[in-house]
Amino acid sequence: MITRIRTKFLLAYDENKNDHYIIPEGEIAYKDDEIIYIGEQYTGPIDRELDASKSLVSPGFIDLDALGDIDHTLLFFEHPKEKTYDLEWSYDYFTSERKEEMSLADESFKSLYAYVQLIRNGITTAMPITSVIYKKAGETYEEIEAAAKHAGELGLRVYLGPSFLAKKHVLNPEGDERKIYDLPDEEVKEGIKNARKFIEHYHNAYNGLIQACVVPERIELQTEDLLIKSKALAKEYKLMYRLHAAQGAFDYQMIQNKYGMSPIQYLDTIGLLDDQTLIPHCTYTSGTKYVNEKSNKDQEILKKNQTSIIHCPLVYARSGEALDSFGRFYREGVSITMGTDTFPCDPFIVMRTGQLAAKLLDNNRPENNLENFYHAFTIGGADALGRKDLGRLAVGAKADMIFINIDDFDLGVIDDPIQSLCLAGHGEMITTSIINGKVVMNNREIPGINLQDLEIQAQKYYEKMKHSYWKRSPARKDKTEKELFHQSYPIKNPYKSSNNE
């Protein structure tokens, strides 16, 4: 089937510059899942037409740290620092009650909910990340299998694999210090075994929409042996490898104390860095305000190995931190991609937040321009994946694209459509999403999805998951669940009689 789309603006691809350019009132045509025409007027055969006459047609966003579950930010946001340990695992729970508090049905639902959110925000390729703070260990095989099926049935392109780990964050018996405790050896072996099993069963499934990848949990929850074995697994199948590292003071100091070097330098010495490795965040690296070393050593290592970082500015800004800085990493030649990693998974909010933080730390340098963030969210992500057929609208590329309504009153006036969208746009302006040539969302409706039902179920999931934090908390001995969590304002009903309270 050949589809023609007429646009108000078309964000096309310039191969010579490896960047986008804008065609006013452009046209795009694709056959099945591949783009066959980009230009001003398509004159070939047509089986179907789609109307984007009020829209900018853009490549879909590539989110390499995409929230794959119900956001946990609400639990931790503005929680008093002096009560931080209240939300950690107690030693008693870890040594006696440790179990999965959420059912397989719960964990299956969370990925469906998350992937619908991603599609509605214009993300056409995602590498999901889920929290394992509340879990017994990493992700189970059954829940990642359910996630693959949800993605395939929705039509979302994903790079997917079960997370696994060898250790957990737990408070010491005195409850006054966060420590790392080993998991049982059989559970550690089961984690990487599940990763291999998923590769063998789901890599290239659903007409290539499901791409397996190897995604161990954060660096401080691994052993060196497990890191080396997991990277060997990725190399064996020629897959992408993602590891959270240099993302906070805890893992940075732990690696420094143990090996006398930064996490990035350590990963280089054990052979984990190459052009198929992705490192989310990289906030605690040389030359940044968070560490003592003021050289460019970490950035030089990343550049030498062609290792990409995944920049997730919104989730960090909520904790008062930021990459120091986007512009500096850009100037040092480090490959930068983007991730949402929190709710809402709205690329426009993420890009705005990222640019504001970059300008605050790095002044008004041209490297911090919004088009560089847009590039990182599209072409940059595709190039990091080794996919020249994604992240761009060009002949021969996959038909992955989104329609963004730029006649929306909330957007204001239009000069440069990309600048207007990045300054004032939001995810709800994305009306249509096409992935692999299939219209997976039209007029913000996704076939087979009832948003109201999802919302009700998501709230139930959240309340149950929130309760599990209280069950593990060392504070549950002297606090009710209501007292454990931070509330913006007290909830009262002054009109309620004392007899009914």
- Message: Looking for something surrounded by 20 or more Cβ atoms within 10 Å (Cβ to Cβ), of a type in the set (S, T, N, Q) and under 19 Å from the mean Cα position of the chain (by Cα) - is there at least one such residue anywhere in the range 157-172?
- Response: yes
- Item | Candidate set: the range 241-272, residues that are of a type in the set (A, V, I, L, M, F, W, C) and open to solvent by less than 10 Å² (accessible area, probe 1.4 Å); chosen: the one nearest to Phe164 (Cα to Cα) | Leu243
- Message: Test of understanding: among Ile129, Ile192, Ile199, Ile144, which residue is in contact (Cβ under 8 Å) with a residue 60 or more places away in the chain and surrounded by 15 or more Cβ atoms within 10 Å (Cβ to Cβ)?
- Response: Ile129
- All conditions in (1) touching a residue at least 60 places away in the same chain (Cβ under 8 Å); (2) surrounded by fewer than 20 Cβ atoms within 10 Å (Cβ to Cβ) are true of Tyr290 except (1)
- Just a yes or no: is a residue in the range 74-84 in contact with a Ser or Thr (Cβ under 7 Å, 6 or more places away or on another chain) and of a type in the set (Val, Ile, Thr)? no
- Message: Filter the range 314-336 down to the residues that are open to solvent by 20 Å² or more (accessible area, probe 1.4 Å) and among the small types (Gly, Ala, Ser) and list them by number.
- Response: Ala317, Ser319, Gly320, Gly333, Ser335
- In the range 198-225, what residues are among the polar types (S, T, N, Q) and more than 16 Å from the chain's Cα centre (by Cα)? Asn204, Asn207, Gln222, Thr223
- Message: Condition first: out of contact with any helix residue (DSSP H, G or I) (no Cβ under 6 Å at 6 or more places or on another chain) and of a type in the set (Asp, Glu). Can you find one or more residues in the range 227-248 that meet it?
- Response: yes
- Query: In this structure, is Ile228 touching a residue at least 24 places away in the same chain (Cβ under 8 Å), crowded, with 22+ Cβ neighbours inside 10 Å, more than 20 Å from the chain's Cα centre (by Cα) and over 19 Å from Leu385 (Cα atoms)?
  - Reply: no
- Give me a count of the residues in the range 315-349 that are within 11 Å of the chain's Cα centre (by Cα) and part of a helix (DSSP H, G or I). 2
- Filter result for Lys304 (closer than 26 Å to Lys167 by Cα, of a type in the set (D, E, K, R) and either open to solvent by less than 10 Å² (accessible area, probe 1.4 Å) or not in a loop (DSSP other than H, G, I, E, B) (or both)): no
- Please verify whether the range 436-456 includes one or more residues that are within 30 Å of Tyr93 (Cβ to Cβ) and either touching a Pro at 6+ places or on another chain (Cβ under 9 Å) or not β-branched (Val, Ile, Thr) (or both). no
- Message: Out of everything in the range 70-97 that is hydroxyl-bearing (Ser, Thr, Tyr) and free of Cβ contacts under 8 Å to residues at least 60 places away in the same chain, what residue ends up being farthest from Ser108 (Cα to Cα)?
- Response: Thr84
- Query: Among the strands (runs of 3 or more DSSP E) contained in the range 1-98, which hold 2 or more residues that are surrounded by 20 or more Cβ atoms within 10 Å (Cβ to Cβ) and under 25 Å from the mean Cα position of the chain (by Cα)?
  - Reply: 2-14, 48-59, 61-67
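The values are calculated or read from the model by the stated rules, or taken from the named source; none is laboratory data. Note that the structure is a prediction, hence the values are computed from the model and not measured. We place every Cβ from the backbone using ideal geometry, glycine too, and count neighbours over all the protein chains shown. For accessibility, only protein heavy atoms count, side chains too; no ligands or nucleic acids. Shrake-Rupley method; radii C 1.70, N 1.55, O 1.52, S 1.80 Å.
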